Ligand code: SF4
């Protein structure tokens, strides 16, 4: 075991035995003061924090099990010296946002939809984030007023844009007043029919889901909230209440999950997460293969492992609980579904379908027999 690996196994050995946290933790010292890091690791972890922002909310701190050295919440947010390791194929901008950004704050990769990123900060900093070098301390917190107007003008001028995805950073960190300005501007663009908001807030800072915010989201366009959630432990009673508030006010919810080694890459956890989401009226949408962001290789599974997990999930749980397993092609070519292959072409003008038990069945989709006019 090398030094970095030793550090990784020690990363949360000093967890306190109990705590109720009041404030967010934003620095290596604060993580160490709260008992989440070994002080001897701090110099290296300071290097991590110089490259990638660090933060965790009190709500997430309180969900960490101090007795569990592999706690799935701690692993997502507590900085680790393994983040200093880089591989040649890891990228600063793994999904090529920059090359699809015609103006600041817009990523226009697909014809009918685009991302609007008005805010570049988050309430937590996920250690595997694919935008980790573009959010947080290294970025301006918000688009300036001029930048926002230019971004909105771009949307106005592109009448093929049917859907605007607010992403970031976390757009629900904006005040309801600021969010209202953006939603109202989008409401007034006739060709924009759908506003989708990608957020971690209902889980990591549920008290932000307020009546005022709901009022903003209940607008004349279809608004969808996509929750980023990776483990069932994240869905605390307060998080579930926040999601219920959205759903009961007519805001449909979807989810996106990142497949993460040592956190949710097993069938039991994935099943529990997907069932919990659906029970809370949140439709699982995407399961992302972890992107090649720098310093994140310790979180990545292989695609084969992901496909096996999906195959197992397919056999066990309702179709409502099935997310689409997707890869964002490195460099910016977009997402592709990479789930298990259930159907292969055979030599007999047909296909072989594999069921969830692994049994194979022939299927012909062209008729080669003579058509009969009577039934047997
Ligand atoms: S909340 Fe989203 S954008 Fe922010 S650090 Fe986590 S994954 Fe990245």
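The values are calculated or read from the model by the stated rules, or taken from the named source; none is laboratory data. Values in this document were obtained by computation on a predicted structure and should not be read as measured data. Every residue, glycine among them, receives a Cβ derived from its backbone with ideal geometry; neighbour counts consider all protein chains shown.
Considering each of 198, 231 in turn, give the residue that is out of contact with any strand residue (DSSP E or B) (no Cβ under 8 Å at 6 or more places or on another chain) and surrounded by 21 or more Cβ atoms within 10 Å (Cβ to Cβ). Quick ask: steps written out before the conclusion?
Values: 198 fails: out of contact with any strand residue (DSSP E or B) (no Cβ under 8 Å at 6 or more places or on another chain).
The match here is 231.
Out of the residues in segment 45-57 that are within 16 Å of the ligand (Cβ to nearest atom) and not in a loop (DSSP other than H, G, I, E, B), which is nearest to residue 92 (Cα to Cα)?
Our first condition is that a residue be within 16 Å of the ligand (Cβ to nearest atom); within segment 45-57, this holds for 48-49, 51-57.
Those left that are additionally not in a loop (DSSP other than H, G, I, E, B): 48-49, 51, 56.
Numbers: 48: 15, 49: 16, 51: 11, 56: 22 Å.
Per the criteria, the residue is 51.
The set of residues in segment 63-105 that are within 27 Å of residue 155 (Cβ to Cβ) and in a loop (DSSP other than H, G, I, E, B) comprises 92, 93, 94, 95, 96, 97, 101, 102, 103, 104, 105. Note on segment 234-270: residues that are out of contact with any strand residue (DSSP E or B) (no Cβ under 9 Å at 6 or more places or on another chain), under 20 Å from residue 302 (Cβ atoms) and not in a loop (DSSP other than H, G, I, E, B) total 3. I'm trying to understand the selection: among the residues of segment 116-173, which are more than 9 Å from the ligand (Cβ to nearest atom), in contact with a helix residue (DSSP H, G or I) (Cβ under 8 Å, 6 or more places away or on another chain), over 17 Å from residue 196 (Cα atoms) and part of a loop (DSSP other than H, G, I, E, B)? Of everything in segment 116-173, those that are more than 9 Å from the ligand (Cβ to nearest atom), in contact with a helix residue (DSSP H, G or I) (Cβ under 8 Å, 6 or more places away or on another chain), over 17 Å from residue 196 (Cα atoms) and part of a loop (DSSP other than H, G, I, E, B) turn out to be 133, 143. Is it true that residue 90 is surrounded by fewer than 21 Cβ atoms within 10 Å (Cβ to Cβ), under 15 Å from residue 168 (Cβ atoms), in contact (Cβ under 8 Å) with a residue 40 or more places away in the chain and within 16 Å of the ligand (Cβ to nearest atom)? So residue 90 fails the test. Condition check: closer than 25 Å to residue 335 by Cβ and either within 14 Å of the ligand (Cβ to nearest atom) or not assigned by TED's automatic domain parsing to the domain that holds residue 188 (or both). Does residue 278 satisfy that? No, not satisfied.
Counting residues that are outside the structural domain of residue 48 (by TED's automatic domain parsing) and more than 19 Å from the chain's Cα centre (by Cα), which strands (runs of 3 or more DSSP E) fully inside segment 282-376 reach at least 1? Lay out the reasoning, then the answer.
Values: elements: 282-289, 324-329, 334-337, 343-345, 350-354, 360-364.
It comes to 343-345, 350-354, 360-364.
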